[in-house]
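**Q** Quick one: the structure is below, and I'll ask about it shortly.
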Amino acid sequence: MSLSHGRSHPLVLVAKWYEKLFGRLSDYNLCVTDAMKKDLWVNFKIKAVTLYDRPASYFKETPLDLQHNLFMKLAKDYEPFRPRCVQVQLPLHCRSIGGRTVGMETEISAARAGSPGADSSAFTQRDGSSGTVLKARGRPALLISSTSWTEDEDFSVLLRALEDYERFIEEGAELPALVCVITGKGPLKDYYNGLIQKLHLKHIQICTPWLEAEDYPLLLGSADLGVCLHKSSSGLDLPMKVVDMFGCCLPVCAIHFECLHELVKHNENGLIFRDSQELAKQLKMLFLDFPSLEGKLHSFRENLRESRQPRWDQSWDQTVLPLLGNGE
C-alpha cells in the first residue's frame, strides 16, 4: 500500500496503527521470515512465529516423457522449442555450430519442426521404434524465469548478462546455446519485449510465453537453471518463485537482498549475484560442463533432492497445528 500511495498517505497510517494495535492483542502471529519476526519485535513489540512459504505438492521434477509432451506442445507456438538439427558428418573446417567448437563429427540445422514423422523438440526426441524419450544430443540449456513484469524486477540485468554470455561464446568459450524462457504477464512486458527484439544474439533464444496453469510447474521441473530478479520491497519476505523452483529441485541464481540467505544458500542450492556481470560469470561457470553430471549445477540439484524440504501442508501441520493445540 505504501508503494502505491506513499508512506504518509492516511490509509497507510491507519493500516499501520491498526496492525500494530491488534498484532499486540492477538494470541499468535505468523510471519514468513526470521527477518520479519525480528522486525515485528524490534519495531512493534509483536511476537511472531516464522512459517516459511513452501511449494505445493505439484511442484516437482518432471519425468522425461512429460517433458517431451510439454516441449512438443510449446513448439507449436514458440520457435525456441522446435528441433534444430539432426546428426550428420562434417569436414574439419566446419568448426562452430550452435556456439560449440567441434571436430570431425557434429550436428547442424537440418530437420525443422513439421518434418514428416518427426517427433522431436529442441531438448528431447522420441525413438520411433521403442517409443523411449531421450534428451537430444547437443541440446541447448534451458534457462527459466518468471515475472509479473513490474518495476520490482529489473530484467535488463538478465538481458545484459545474456549479452555477456553471447560474448563468451564468440571469444571461444565452449558453452551450450541457451533458450531463455521468461513467463508471466504484466505492464512492462511490451517494454522488455522491445528490448529483446533489439538484441543481436546468435546462440541465445528468448521467448516470453504465457503458460497455462498446469504447464508452469512442468516447465520448472524440466529446466536446467532458474533466475530470480525479485527484490523484496520490504527486505523482509522471500520470492515465491524461488520456493516453487526449489520444489522442482531446480537450482537458482538470485539477485541479492537482505534476507535472501534464509532461502538461497550460496554455493549450496544456488548462487546469489548483485549485478549483470556477476550473473554472466555464474552462467558461464555453471554451463561450462553442460550437460555433464559432475559440475556445480548437478551438485546444487542433488543438494535440493537430498534436502527433502517439507511441502506447504506438512509445514502447516508442523508449525501451526501445535500452536492451535496449545491454545485449547
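The values are calculated or read from the model by the stated rules, or taken from the named source; none is laboratory data. Every value quoted in this text rests on a predicted model; they were computed, and no experiment measured them. Neighbour counts run over all protein chains shown; Cβ positions are idealised from the backbone, glycine included. SASA here: full protein model, heavy atoms, side chains in, ligands and nucleic acids out. Shrake-Rupley method; radii C 1.70, N 1.55, O 1.52, S 1.80 Å.
**Q** Gly325 passes all but one of (1) at pLDDT 90 or above; (2) assigned to a helix (DSSP H, G or I); which number fails?
**A** For Gly325, the failing item is (1).
Residue by residue, here is whether (1) farther than 13 Å from Phe246 by Cα; (2) of a type in the set (Ser, Thr, Tyr); (3) modelled with pLDDT under 95; (4) open to solvent by 50 Å² or more (accessible area, probe 1.4 Å) holds:
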{"position": "Gln277", "(1), (2), (3), (4)": "yes, no, no, yes"}
{"position": "Gln282", "(1), (2), (3), (4)": "yes, no, no, no"}
{"position": "Phe287", "(1), (2), (3), (4)": "yes, no, no, no"}
{"position": "Phe290", "(1), (2), (3), (4)": "yes, no, yes, no"}
{"position": "Glu294", "(1), (2), (3), (4)": "yes, no, yes, yes"}
{"position": "Glu302", "(1), (2), (3), (4)": "no, no, no, yes"}
{"position": "Ser307", "(1), (2), (3), (4)": "no, yes, yes, yes"}
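**Q** How about region 231-263: which of its residues are closer than 17 Å to Leu51 by Cβ and touching a Ser or Thr at 6+ places or on another chain (Cβ under 7 Å)?
**A** Matches in region 231-263: Leu236, Asp237, Leu238, Cys259, Glu262.
**Q** Now, a different point. Checking the structure you have, find out if any residue of region 166-174 is touching a residue at least 40 places away in the same chain (Cβ under 8 Å) and open to solvent by 60 Å² or more (accessible area, probe 1.4 Å).
**A** Within region 166-174, the subset touching a residue at least 40 places away in the same chain (Cβ under 8 Å) is 168-169, 172-174.
The next check asks that each one be open to solvent by 60 Å² or more (accessible area, probe 1.4 Å); those that pass are 174.
Taking every residue of region 166-174 in turn, at least one turns out to be touching a residue at least 40 places away in the same chain (Cβ under 8 Å) and open to solvent by 60 Å² or more (accessible area, probe 1.4 Å).
**Q** Still on this structure, please answer the following. So for region 187-196 (the condition being open to solvent by 10 Å² or more (accessible area, probe 1.4 Å) and within 18 Å of Asp289 (Cα to Cα)), does at least one residue qualify? Working first, answer last.
**A** In the first step, residues of region 187-196 are kept if they are open to solvent by 10 Å² or more (accessible area, probe 1.4 Å); the result is 187-196.
Within this subset, residues satisfying the condition of being within 18 Å of Asp289 (Cα to Cα) are none.
Taking every residue of region 187-196 in turn, none turns out to be open to solvent by 10 Å² or more (accessible area, probe 1.4 Å) and within 18 Å of Asp289 (Cα to Cα).
**Q** So, one more: When the residues of region 12-41 are narrowed to those that are open to solvent by 100 Å² or more (accessible area, probe 1.4 Å) and touching a helix residue (DSSP H, G or I) at 6+ places or on another chain (Cβ under 9 Å), which ends up modelled with the highest pLDDT?
**A** Within region 12-41, the match that is modelled with the highest pLDDT is Tyr28.
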